[in-house]
Amino acid sequence: MELTEEEKREEARKEELRMIVEMIDASMALAVKKGKHPLTDGCSCIVCAERRKQLIRGPEPEWKYWL
Ligand SMILES: [Zn+2]
């Protein structure tokens, strides 16, 4: 069975999503395995990735409102 261009694009997008989800899973598993640790160069766990993002973005603005 031949896939149409549209279907091929759809498959590629699903594959990409699957890879992103796997990457996040792996970085979470790594964070759990390593436990609490300071920001480490080259560490790809979710905690270090988030800390790096925050260093680039600057601190989150303080939350002033209660829901
Ligand atoms: Zn880490």
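In summary, the aspartates and glutamates within cross-link reach of Lys36, defined as a Cα separation below 20 angstrom excluding same-chain residues under 8 places away, comprise Asp25, Glu50.
Report relative contact order for the chain in percent, whole number only (criteria: Cα-Cα under 8 Å, sequence separation at least 6).
Reported as a whole number, the value is 21 percent.
Taking a quarter of the surface of the Cα convex hull of region 5-57 gives a mean projected area of 4.7 nm².
A short reminder: the numbers here are calculations on the coordinates, not readings from a lab. Keep in mind it's a predicted model, so treat the numbers as computed, not measured.
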